1. Pick from 767, 772, 790: which is within 26 Å of the chain's Cα centre (by Cα), assigned to a helix (DSSP H, G or I), of a type in the set (Gly, Ala, Ser) and surrounded by 24 or more Cβ atoms within 10 Å (Cβ to Cβ)?
2. So, in region 580-610, exactly how many residues are over 12 Å from residue 559 (Cβ atoms), open to solvent by 70 Å² or more (accessible area, probe 1.4 Å) and modelled with pLDDT under 85?
3. In the list 722, 650, 685, 703, which residue meets the criterion of being closer than 17 Å to residue 596 by Cβ and of a type outside the set (Ser, Thr, Tyr)?
4. Return a yes/no flag: does region 645-663 have any residue that is over 35 Å from the mean Cα position of the chain (by Cα), in a helix (DSSP H, G or I) and in the same structural domain as residue 633 (by TED's automatic domain parsing).
5. Can you pull out every residue in region 10-37 that is part of a loop (DSSP other than H, G, I, E, B) and either under 22 Å from residue 84 (Cβ atoms) or touching a Lys or Arg at 6+ places or on another chain (Cβ under 9 Å) (or both)?
6. Tell me whether region 481-499 contains one or more residues that are outside the structural domain of residue 278 (by TED's automatic domain parsing), of a type in the set (A, V, I, L, M, F, W, C), within 30 Å of residue 590 (Cβ to Cβ) and part of a helix (DSSP H, G or I).
7. Any residue in region 46-63 that is free of Cβ contacts under 8 Å to residues at least 12 places away in the same chain, more than 30 Å from residue 349 (Cα to Cα) and in a loop (DSSP other than H, G, I, E, B)?
8. Please enumerate the residues belonging to region 223-247 that are assigned to a helix (DSSP H, G or I), at pLDDT below 85 and either open to solvent by 40 Å² or more (accessible area, probe 1.4 Å) or touching a strand residue (DSSP E or B) at 6+ places or on another chain (Cβ under 6 Å) (or both).
Amino acid sequence: MIGIVIVSHSAKLAEGVRELVDQMTKGRVPLAVSGGIEDPQHPIGTDAFDVQRAIESVYSDDGVIVLMDLGSALLSAETALEFLSEKQQGRIRLCEAPLVEGAVAAAVQAMVSNDIELVLAEARGALTAKTAQLKGAAPDMTVPAASTVATDAPKIRLTVCNRHGLHARPAARFVSTAGRFQARISIQNLSRYTETANAKSINQVATLGAREGHEIVITAEGADAPEALKALETLVTSGFGEAEAAIERDAGLQLPEASPADEGALTGIPASPGIAIGPIALYRLAPIAVPERPIENPMNEWQRLQQAIEAAQKELHALRALATAQVGDYQAAIFDAHLLYLEDPALLDAAHRRIFDRKMNVEAAWQSAVEKMVAAYRDLEDPYQQARAADVIDMGQRVLKLLMGVVPASVVLARPSIVVAADLTPSDTAQLDPDKVLGICTEFGSATSHAAILARGMGIPAVMGVGMGISRLAEETTLALDGAHGRVWVEPNSDLLAELKSQRESWAAEQQAVCNAGRQPALTRDGRRIKILANIGGAVHVKGALEQGAEGVGLLRTEFLFLARVTPPSEDEQTAAYHRIADTLGPHPLIIRTLDVGGDKPLPYLDLEVEANPFLGLRGIRLCLDRPEILKTQLRAILRASPGHRIKVMFPMVSTLTEIRAAKKILATTRDELSRAGVPFEKNMEVGMMVEVPAAVALADQMAAEVDFFSIGTNDLSQYIMAADRTNPRVQALSDAFQPAVLRTIQYIIERAHAAGIWVGLCGELAGDPLAVTVLLGLGLDEFSMNPPAIPAVKRVLSKLTMVEAEAIATAALKLETAEAVRELVKSSGNPISRKPA
């Protein structure tokens, strides 16, 4: 982020400006002051060395803007620059703007943009509002667009090759990739003759209407432009990393076309299979009236918007966690796009202009900016991309309700019912209780909407787009729907009811058989008991995991306690959370992984330096040992929660013996302190470590002597073994955990652990892949831990195998040369591998 430096002859004046700016920006902008001199008799003046100190304290590659009051302040600032490196000098701007107004304007713009010229222009135009109010001549305030790129800048032409073009997830990947570079990047859809769009704006990218086969041109200008273009070319030509199966699942392509209406039936769009019969519960959203009124203090309005967006982000993080527990990580990624919408520079700039230029109240400004974005989506030709308008509306309404203090409506049912509504947003759908919602029927919507995708993931029968009138039915009216064929009956007659009930009972029996199988112990055909546990990210996931058949938690990701907040969680807060989860699990084990952040999961309050390659940087146990107070507080909480529970602790990202011994030493010290204080804890709590780094593999025999168990993290292990970034679509095939090199590594870990007398679990995505189960079992894996929805399918596979068969297949797999060959081997073995479609 761009830093701001205030240089003043008066220390009190400089501190006053800092206080004002911090109040306006909630302290989110790096800001330093250099005021006065250290002479009690003559404190008024400036010091070039102190100015240099202030600049260096907020310097980053985004740059620094220095504002000065008068006279020698300018001379001191110019002198300070001479003490800095040429690279730093090139990223520092001395600004002639008025000190107070310029500092406030620059800081506010720095929250929106990291374009230093744009922030500088905003500061220089800071007198516009005051001049206009006093009816003077407004100074020139031409602000360059953030996305402006020279016409002769390097560019590439590409063809969009993935089936649904730049819809939400591909657009999010595109914007995230572009955002990694300093270059100014633009994109244009040549096939639709669109205007040039800012490549770092998700809404501008998504509303290009780029469909399969469309030609796009990407232009970049800046020092890292070649690298940016190369990365974006890789992303586009790989289809944005979207697997065809996942795309088809999202689009609902496995569902049949809408059937011709039977007698008395309404016809809609098949959205989620299943038959539902029951009373209707109407879900009506009262429209929010947004009055437009003139304002006198745009800065206050802008600050209110920033606060509402921050609150919305926290809500969305919680909602994503809920959706992950209910439907899995892939469908829950819908809300990642919502989070990007909240940060979209085009949307924020549009709201900013309405507030500051038109003096429009924040509610009306936000609503107007959102409506314009929604209209852009609805103007697209592709129905799949048109459906993304619902996501923008959902996100916009969330912020608007926070701004207006409106309590969000929720679907709360007194008894099991069919929810009938004009439409449902993804947020509405994610919060439905599958135990109470028999089905969903809407007037609008489509099978490709994110609400429909979530309904399928939750197993709720749904018919969308039935048409006007269905939501005018009276409460408690009996409704029946067939989600597989898109048919709806109002007050069905007795014969039809009997037929539909028979179909529903058959469907329910089939589903129950799957659930029952999932809840049974995991036994191979020859009677070998296999431990199946769940990976979870919070207390809300425990019940669902147990219902799916989990026999405990093999990975509790404790990051849920640390994310989306400005301070770390307290010891008491953590203790309560761990205790609550362990209580729900009862006699089942709970393995708590200590904090694993860094890389793709930074925490703002840790103030970590930006790293060129965060996946090889300060993360996992490295970060915790660097900040021992964080680790010690967490270990105290885990120990305090342990009495009466089967809690185990494990450390992530261990690379050396020194690291695991240092972590154990902190644990031992913590135990001693609790003992002296008379605080009870489980003295024989097992201690384990993640094996996900090649160095830990090479030292597996020595590492095994330090811990009670290993847990293999194949997500990271695969990319480190294969030297292939798992987020890079172009090398995604290399980071495949089915690669023989990865499988041989897993074999080596298991052999060394068993030789040392400790057990081995696996908590990466590989554990939940029905194709991988056979090989992992044959390699001797003791415990499988996976996302809860995968448990029933894994148990079905295990029930068809014998240990001898699994060992023979694993031995053959280790001799193969490619990941594809391993998959074909397992498929040809005749074991059940298919999952039920989401």
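1. Numbers: 772 fails: within 26 Å of the chain's Cα centre (by Cα); 790 fails: surrounded by 24 or more Cβ atoms within 10 Å (Cβ to Cβ).
Answer to the selection: 767.
2. Final tally of qualifying residues: 4.
3. Values: 722 fails: closer than 17 Å to residue 596 by Cβ; 685 fails: closer than 17 Å to residue 596 by Cβ; 703 fails: closer than 17 Å to residue 596 by Cβ.
None of the others qualify; the one that does is 650.
4. Going through region 645-663, the residues over 35 Å from the mean Cα position of the chain (by Cα) turn out to be none.
No.
5. The initial filter retains those residues of region 10-37 that are part of a loop (DSSP other than H, G, I, E, B), namely 10, 26-30, 36-37.
Result: 29, 30, 36, 37.
6. Scanning region 481-499, I find no residue that is outside the structural domain of residue 278 (by TED's automatic domain parsing), of a type in the set (A, V, I, L, M, F, W, C), within 30 Å of residue 590 (Cβ to Cβ) and part of a helix (DSSP H, G or I), so the answer is no.
7. no
8. In the first step, residues of region 223-247 are kept if they are assigned to a helix (DSSP H, G or I); the result is 225-237, 239-241, 244-247.
Those still in the list that are at pLDDT below 85 too: 237, 239-241, 244-247.
If the condition is that a residue be assigned to a helix (DSSP H, G or I), at pLDDT below 85 and either open to solvent by 40 Å² or more (accessible area, probe 1.4 Å) or touching a strand residue (DSSP E or B) at 6+ places or on another chain (Cβ under 6 Å) (or both), then 237, 244, 245 are the ones that fit.
The values are calculated or read from the model by the stated rules, or taken from the named source; none is laboratory data. Fair warning: this is a prediction, and the values are worked out from it, not measured in the lab. As a convention, Cβ positions derive from the backbone with ideal geometry for all residues, glycine included, and neighbour counts pool all protein chains shown. Note: areas computed on protein heavy atoms with side chains; ligands, DNA, RNA excluded. Shrake-Rupley method; radii C 1.70, N 1.55, O 1.52, S 1.80 Å.
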